[in-house]
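Everything on this sheet refers to the single structure shown next.
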Amino acid sequence: MNSFIVTCHGWSGSNWLSHVLNDHPDITCSHSARNILAKDVNMQSNKELKHNIHQLHKGYADRQNQSIDEVYKQIKQMGKTEFYGSVHVLRQRDIPVLYEIFGKTETKFNVINLIRNPIDLVWSGYGQFKDLFKYDINELYWTLKKIIDNSNDS
């Protein structure tokens, strides 16, 4: 097997991990729902996210609208290496759905789930969320819903 999938939720160190893996000369690794090569350290900066927000939203939708083989066909076009992988392109919950929709993959994968630290999602991403809220209504709605739902549990 020369393909791997690192599933995770955002704000779990996925940006760092994808860059470290992609820095290895034998690995081509993409990152995020955008499924882009992890080579630019600024790819998750506020300026880049704002500029590419539509691409990110399309990636969210594509997570369950294209087969894993199709995702990896795109990744293999990003480089010529021995190993190909992704970090946070797919979440663990996407994989069974993709198998149900598209059937078995042609490629065999090692699947690893990156578990985030115990800090609450909203607090660990506060700085970026604060910026995203200014132009990403989906992120604002999703985060506020989490806060409201959890505040009712108190």
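Coordinate-derived values only; no laboratory data. Quick caveat: nothing in here was measured; it's all calculated off a predicted structure. Backbone-built Cβ (ideal geometry, glycine too); neighbour counts: all protein chains shown.
In this Cβ point-charge picture (+1 for Lys and Arg, -1 for Asp and Glu), the chain has a dipole of about 180 debye about its Cα centre.
The lysines whose alpha-carbon is closer than 23 Å to the alpha-carbon of Lys80, local same-chain residues fewer than 8 away aside, are Lys39, Lys108.
Model label sites at Leu140 and Arg116, defined 7 Å from Cα along the beta-carbon direction, differ in position by 2.1 nm.
Under the definition of Cα pairs under 8 Å and six or more residues apart, what whole-number percent is the relative contact order of the stretch 18-108? Intermediate results must be reported in sequence, preceding the final value.
On the way: 112 pairs, mean separation 34.0, N = 91.
In percent, rounded to a whole number, it is 37.
Say the cut-off is 24 Å between C-alpha atoms; which of Lys58/Lys146; Lys47/Lys130; Lys76/Lys104; Lys73/Lys145 go over it? As for pairs spanning more than 24 Å Cα to Cα, those are Lys73/Lys145. The length gained on full extension between Lys130 and Phe83, counted as 0.36 nm times the residue separation minus their Cα-Cα distance, comes to 13.3 nm. Sort the stretch 14-94 into rounded, prolate or oblate with this rule: let a ≥ b ≥ c be the square roots of the eigenvalues of the Cα gyration tensor; rounded if a/c is under 1.5, and if a/c is not under 1.5, prolate when a/b is larger than b/c, oblate otherwise. Taking the square roots of the gyration eigenvalues as a ≥ b ≥ c, the stretch 14-94 is oblate.
Work out the P(r) tail for the chain: percent of alpha carbon pairs separated by more than 26 Å, whole number. The proportion of pairs with Cα distances above 26 Å equals 28 percent.
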